[in-house]
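The values are calculated or read from the model by the stated rules, or taken from the named source; none is laboratory data. Since the structure is predicted, the reported quantities are computational estimates derived from the model, not experimental observations. Cβ: placed from backbone, ideal geometry, glycine included. Neighbour counts: every protein chain shown.
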């Protein structure tokens with residue numbers, strides 16, 4: 001049975017980037033959406049005759065693929081700004097870990113609901129989340145219509161085996177839930193919070209599962225030096241040798257990587273999730289994006305958590321992903337905007353296990369955004385996707401659609417109670433900080 005048709009008319013249509021090349025713009029375009037997919041996307045005067053139940057007026061707007069946040073800790077909206085001006089290790093152990101010990105299920109749900117508002121407001125329809133209380137994350141993101149891969153990342157603080165059992169239980173209960181929009185994964189948090197024995201047990205447990213590992217890798221030079229001191233190898237080689245990268249995987253950060261690391265990431269098909277804002281704030285460094293591209297490493301873009309960012313605006317991440325290597329290396333030709341946009345859209349969706357998502361293309365999943373081209377920062381924009389990477393901001397988003405369903409439009413959240421979400425998060429954050 002086929003469903004009702006939604007028509008998005010009068011738009012400039014940017015289909016997205018494929019294989020590093022921007023697909024041709026359609027100056028007078030439209031899209032027809034049915035059963036969660038694009039029934040048609042192309043020139044308006046070539047659209048098939050289909051009776052639309054709803055027509056969305058896109059005049060003055062750009063229709064573009066939705067974005068995918070490839071590395072996030074959504075509930076950390078409750079800790080926004082905590083531990084500012086500390087480097088990563090001190091930030092984690094002196095501030096974040098003590099606060100997280102006080103986090104409970106109800107607070108986590110509230111923090112994720114607040115994050116969902118920011119994701120939708122900034123055109124994000126898929127989130128790769130790693131945090132505690134994954135069941136609450138699944139409920140909060142699933143109920144509001146977002147796609148998500150949620151990884152219950154194990155740490156070895158004396159109870160790694162129990163955490164692995166909980167991760168497997170979460171996978172059994174939630175993988176493929178909410179109509180397939182919620183996927184579950186099992187992984188470890190990082191090399192410095194795991195042991196080889198735990199990683200081996202996890203790899204064995206994941207055999208036969210539709211699993212995507214999600215792990216912090218080589219975030220700082222200090223992390224790499226300490227890993228070499230412990231194991232005689234880099235974190236990338238550590239996870240490769242233990243088999244974690246023998247399954248689909250997202251490696252967050254990847255700042256302190258050398259040529260051998262990049263070759264291994266490319267060989268294993270690991271996606272490096274870039275998080276430039278968080279890396280800059282924590283003083284961790286700048287990812288060698290141009291070398292990743294030359295080595296053939298798959299790329300995606302994330303925000304990290306709001307505690308170390310402090311926003312969840314993926315447009316901001318795209319801009320810094322593109323311009324930082326140019327400034328640091330003194331070469332404006334490095335990292336083309338096409339590569340950045342593809343990483344932030346199709347690259348992220350693919351890494352999370354959502355195929356045929358990230359392009360506005362007939363037959364593909366209808367995850368898309370309407371962007372206000374009359375906004376001052378976009379009114380004279382000509383070159384796409386350069387304008388999306390360098391000029392656009394989350395505030396330019398007028399509409400966010402996931403799986404053919406409008407979730408956000410002109411300041412209104414259509415699938416969640418915004419006032420309740422804000423109030424709940426404020427109260428949860430207040431309780432956490434008072435108890436601390």
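Can you name every residue in the stretch 132-173 that is part of a loop (DSSP other than H, G, I, E, B), within 18 Å of residue 306 (Cβ to Cβ) and free of Cβ contacts under 8 Å to residues at least 60 places away in the same chain? Spell out the reasoning first.
Initial filter on the stretch 132-173 (part of a loop (DSSP other than H, G, I, E, B)): 132-133, 144-146, 155-159.
Filter again for within 18 Å of residue 306 (Cβ to Cβ), leaving 132-133, 144, 146.
Matches in the stretch 132-173: 132, 133.
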Can you tell which of 388, 371 is more than 16 Å from the chain's Cα centre (by Cα) and over 19 Å from residue 299 (Cβ atoms)?
371
Checking residue 55 against (1) more than 20 Å from residue 138 (Cα to Cα); (2) touching a residue at least 12 places away in the same chain (Cβ under 8 Å); (3) in the same structural domain as residue 343 (by TED's automatic domain parsing); (4) surrounded by 13 or more Cβ atoms within 10 Å (Cβ to Cβ): exactly one of these is not met. Which one?
(3)
For residue 102, are the conditions met, namely being in a loop (DSSP other than H, G, I, E, B), surrounded by fewer than 17 Cβ atoms within 10 Å (Cβ to Cβ) and in contact with a helix residue (DSSP H, G or I) (Cβ under 7 Å, 6 or more places away or on another chain)?
yes
Unique residue being out of contact with any helix residue (DSSP H, G or I) (no Cβ under 9 Å at 6 or more places or on another chain) and at pLDDT 95 or above when the list is 162, 172, 121
172
Kindly state which strands (runs of 3 or more DSSP E) lie completely within the stretch 1-91 and contain at least 3 residues that are more than 30 Å from residue 297 (Cβ to Cβ).
5-13, 26-34, 37-43, 52-57
Quick one: which of 252, 273, 256 is part of a strand (DSSP E or B), in contact with a helix residue (DSSP H, G or I) (Cβ under 9 Å, 6 or more places away or on another chain) and either touching a residue at least 12 places away in the same chain (Cβ under 8 Å) or crowded, with 22+ Cβ neighbours inside 10 Å (or both)?
273
Those residues of the stretch 77-92 which are over 23 Å from the mean Cα position of the chain (by Cα) and either modelled with pLDDT of 90 or more or crowded, with 21+ Cβ neighbours inside 10 Å (or both) amount to 90
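Tell me which residues, restricted to the stretch 325-341, are without any contact (Cβ under 8 Å) to a residue 60 or more places away in the chain and out of contact with any helix residue (DSSP H, G or I) (no Cβ under 6 Å at 6 or more places or on another chain). Outline the logic, then answer.
So in the stretch 325-341, the residues without any contact (Cβ under 8 Å) to a residue 60 or more places away in the chain come out as 325-335, 337, 340.
Across the stretch 325-341, the qualifying residues are 326, 327, 328, 329, 330, 331, 333.
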